Amino acid sequence: MIEYVRQVILTGLPGSGKSVVGRELASRLGWMFVDLDAEIVRRSGEPISEIFAEKGEERFRDLEALATAELRGRERLIFAPGGGWITRPATVSILRPPARLVYLRVAPAIAAQRVRSGGSARPLLAGGDLQARISALLESREAAYSTADLTVNAELIVDEVVTCCEGWLVSEGLVP
């Protein structure tokens, strides 16, 4: 009996396209998509920036872990957590294995350009040189990102990134 993958986690820097790619990949596969930041906002009734400002990053990471745990048994799920989700191995291990991890790799300059044009508040990127802050995040997270099952060049157009992800899932026999 073939056992297919039940969940795919998209990880990467802010501005790597996790949410956009996740929505499109889920649509192509006929799977559910969960944007973890949006889910936390929905549950808490507070914007991410407010959670960081009032309760701190540690509390936000706790909320990520709680929301992640609730997704554990879901099948046919594309999951896009925030870029820092991967920094807590205990949270990652809630889903992985068996979930597969896809790293959407993007250069800090491209990520900064996308974040600027996106317009949403990102607490870990506030103040100072945006590209330098993103570069520092990449440096601190690079080892965690390298644990991914697949690394995709996310500087391509969205359709190409999604096609790479979908093609890998099919070629590895992870989806029917």
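Structure values in brief
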{"item": "Percent breakdown of C-alpha pair distances by 5 Å bin, ordered from the shortest bin, for the chain", "result": "1, 8, 18, 22, 22, 16, 8, 3, 1, 0, 0"}
{"item": "Paired Rg and Dmax values of segment 30-89, which use every Cα atom, in angstrom", "result": "11.7, 38"}
{"item": "Full-extension gain in nm, Ala69 to Ile157, via 0.36 nm per residue minus C-alpha separation", "result": "28.5 nm"}
{"item": "Carbon/sulfur fraction of accessible area - segment 56-176, other protein chains in place, 1.4 Å, %", "result": "52"}
{"item": "Sum of -39500 (n - 2.57) over DSSP H runs of 4+, divided by residues of the chain (222 nm, nearest 500)", "result": "-16000 deg cm²/dmol"}
{"item": "Using alpha-carbon coordinates, inclination of helix 130-145 to the longest axis of the chain, degrees", "result": "40"}
{"item": "Solvent-accessible area per residue, Å², over segment 30-176 with all protein chains present [probe radius 1.4 Å]", "result": "50"}
{"item": "Percentage relative contact order, the chain, counting C-alpha pairs under 8 Å, at least six apart", "result": "35"}
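The values are calculated or read from the model by the stated rules, or taken from the named source; none is laboratory data. Computed from a predicted model, the values in this text were never measured in an experiment. For the accessible areas, the whole protein counts, side chains as well, though only heavy atoms, and no ligand, DNA or RNA atoms are used. Shrake-Rupley method; radii C 1.70, N 1.55, O 1.52, S 1.80 Å.
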